[in-house]
Amino acid sequence: MLEQLKRLATGIVGFDALLKGGLVAGASYIVQGRPGSGKTILANQLGFYHVREGGRVLVATLLSESHERLFQYLSTLSFFDPSRIGNEIQFVSAFDTLENEGLDEVVKLLRREIVRQKATVLIVDGLLNARSKAESQIDTKKFIAELQGHAAFAGCTVLFLTSSRLDDGSPEHTMVDGVIELGEELFGTRSVRRIQLRKTRGSGALSGLHECEITDDGLVIYPRLESLYSRPSHVETTDMKPLPSGVPALDGLIGGGLPRASVTLAMGPSGVGKTTLGIRFLSVATPEEPGLHFGFYETPDRLRAKANAIGVDFASMEETGALHMAWQPTTEGLLDGLGARLLRLVDQHGIKRVSIDSFGGMTRMANNPARLTPFFSALMGELRARGVLVFASWEIRGLFGPELDAPSPDLSSIVDNILVLRFVEYESELKRLLSILKIRDSVYDPALLELVVNDHGVDLRKAFKNAEAVMSGSASTISKP
């Protein structure tokens, strides 16, 4: 039987998921990144969490910056607790010892403090300074090895912080069990923080770059959704019993309703009725099987007003717990952060149907368009696995014409059902056209339908029977021979 290594939880949102359970207890790690990348926040956030869980932490600084200045900056973050300082978490400056007496004396100082403090986590900030004091690579290795040995004997996990981007073959990298790199990248005028686990000895980890941000609560990490859910976390349901779409006329055309735990995409230009269909979809949610509107363009107040206009009382549904709303502007944000928020709300409220308005709002947060297909595939797969019925929209650019621009070239891996909505000019009137392109595992009526929106809701009528070129956007009556 394989022995499972003991883990040390970090308490940092998303970090333990990256590490597949946390740091290996008693191991040593380098945390590297340029100044301002978040190394000190990561280490201290971990330290304050560790003492809240009953551990003891020793923070040793090899930098000239005073602890008072450090505390001043940390005090703006919610995890900082000054009552723990000097008790469970001890800060020691080894800068003067390093400058005047060298690395050997720093090791002796920290060894004494580890024993005195009974530390279970040691944070050494300023490894670059120690490296500059070493006369050779052997001295650097000796410094790290001796600290590791003393810490391991005391059952202590070690974090070495450095502002230098060390190469994979550096003496520091070869000595430690893990390397964590923090960085920042510009996308146009946007700056995005990244984290990468470059080495994790004796432990699995989610590879690649992952987005993160610094909030009032400290560092928050968003693992890439397609790596976190490369396989769904739940067994997908095999119950394909149809559920009401909120539009009875549509249910009659698709075998009674939308297949349970499926994803429906409504594609069409602005104003054609996609949000209206989403409102009707949520109108049949109940307190036992609540719904969620996850939107980008309509604020909750505007959405309530729009729902009232077609006879749906969203406010009353919210009061009973049948409906929840989440709105996020498209000006700033992280793609994986949106996915994490959506899944968190689903779990928190036991959501069983979600209206996403729209996929376009989510794609605006993407820094790498090539990720969109695997991201949406993982997100929709995870929602299906949690038994959630999804209705999503996608705005296409052209008001008229047969061309469609899809959110992904591989829609079959993302959605199960596809509805296409278009504007059609017919008999000197502008009409809304709805056509059913696909309903997975169900028969459906392929007729061209007129979508009618009124104060009672939404209706579908079979139309355009005597018309041609309807999908072009400019239909004409078929001439009788």
Tally time: how many residues in the stretch 220-252 are farther than 25 Å from I418 by Cβ and among the β-branched types (V, I, T)?
3
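Would it be correct to say that G252 is surrounded by fewer than 16 Cβ atoms within 10 Å (Cβ to Cβ), assigned to a loop (DSSP other than H, G, I, E, B) and at pLDDT 90 or above?
Numbers: surrounded by fewer than 16 Cβ atoms within 10 Å (Cβ to Cβ): yes; assigned to a loop (DSSP other than H, G, I, E, B): no; at pLDDT 90 or above: yes.
No; evaluated as a whole, the condition is false for this residue.
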Report whether or not L128 is more than 14 Å from Y29 (Cα to Cα), assigned by TED's automatic domain parsing to the domain that holds L58 and of a type outside the set (D, E, K, R).
yes
Single residue of K118, K20 found to be more than 27 Å from the chain's Cα centre (by Cα), within 30 Å of K141 (Cβ to Cβ) and in contact (Cβ under 8 Å) with a residue 60 or more places away in the chain
K118
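May I ask you to verify whether V220 is in contact with an Asp or Glu (Cβ under 7 Å, 6 or more places away or on another chain) and of a type in the set (V, I, T)? Steps first, please.
Numbers: in contact with an Asp or Glu (Cβ under 7 Å, 6 or more places away or on another chain): yes; of a type in the set (V, I, T): yes.
So V220 fits the description; yes.
If you go through the stretch 255-289 one residue at a time, how many are part of a loop (DSSP other than H, G, I, E, B), among the charged types (D, E, K, R) and crowded, with 17+ Cβ neighbours inside 10 Å?
Of all residues in the stretch 255-289, those part of a loop (DSSP other than H, G, I, E, B) come to 255-257, 260-262, 269-273, 284-289.
Restricting the remaining residues to those that are among the charged types (D, E, K, R) gives 260, 288-289.
Adding the requirement that they be crowded, with 17+ Cβ neighbours inside 10 Å leaves 260.
Within the stretch 255-289, residues that are part of a loop (DSSP other than H, G, I, E, B), among the charged types (D, E, K, R) and crowded, with 17+ Cβ neighbours inside 10 Å number 1.
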Tell me whether the stretch 187-196 contains one or more residues that are farther than 24 Å from Y73 by Cα, modelled with pLDDT of 95 or more and outside any loop (DSSP other than H, G, I, E, B).
yes
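For every residue, the table says whether it meets (1) surrounded by 20 or more Cβ atoms within 10 Å (Cβ to Cβ); (2) touching a residue at least 60 places away in the same chain (Cβ under 8 Å).
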site	(1), (2)
A25	no, yes
G33	yes, yes
L46	yes, yes
S64	no, no
D96	no, no
N100	no, no
Which one of these does A326 not meet: (1) small (G, A, S); (2) over 23 Å from H349 (Cα atoms); (3) under 28 Å from the mean Cα position of the chain (by Cα); (4) surrounded by fewer than 20 Cβ atoms within 10 Å (Cβ to Cβ)?
(2)
Say we look at the stretch 165-197 and pick out the residues that are touching a helix residue (DSSP H, G or I) at 6+ places or on another chain (Cβ under 8 Å) and more than 15 Å from P35 (Cα to Cα); which of these is surrounded by the fewest Cβ atoms within 10 Å (Cβ to Cβ)?
D167
Residues that are out of contact with any Pro (no Cβ under 8 Å at 6 or more places or on another chain) and more than 25 Å from G202 (Cβ to Cβ), at least 3 per element: which helices (runs of 4 or more DSSP H) completely within the stretch 116-176 meet that?
127-133
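Tell me, yes or no, whether the stretch 298-317 has at least one residue that is in the same structural domain as F391 (by TED's automatic domain parsing), of a type in the set (F, W, Y), farther than 21 Å from R371 by Cα and within 27 Å of the chain's Cα centre (by Cα). Full working, then the answer.
Just the residues of the stretch 298-317 that are in the same structural domain as F391 (by TED's automatic domain parsing), to begin with: 298-317.
If we keep only those that are of a type in the set (F, W, Y) as well, we get 314.
If we keep only those that are farther than 21 Å from R371 by Cα too, we end up with 314.
Remaining after also requiring within 27 Å of the chain's Cα centre (by Cα): none.
Checked the stretch 298-317: no residue is in the same structural domain as F391 (by TED's automatic domain parsing), of a type in the set (F, W, Y), farther than 21 Å from R371 by Cα and within 27 Å of the chain's Cα centre (by Cα).
Looking at the stretch 23-102, what helices (runs of 4 or more DSSP H) fall wholly within it and have at least 3 residues that are closer than 14 Å to G218 by Cβ?
Numbers: elements: 39-52, 67-74, 95-101.
So the answer is 39-52.
The values are calculated or read from the model by the stated rules, or taken from the named source; none is laboratory data. Worth saying up front: this structure is predicted, and the values here are computed from it rather than measured. So basically every Cβ, Gly included, is an ideal-geometry build from the backbone, and we count neighbours across all protein chains shown.
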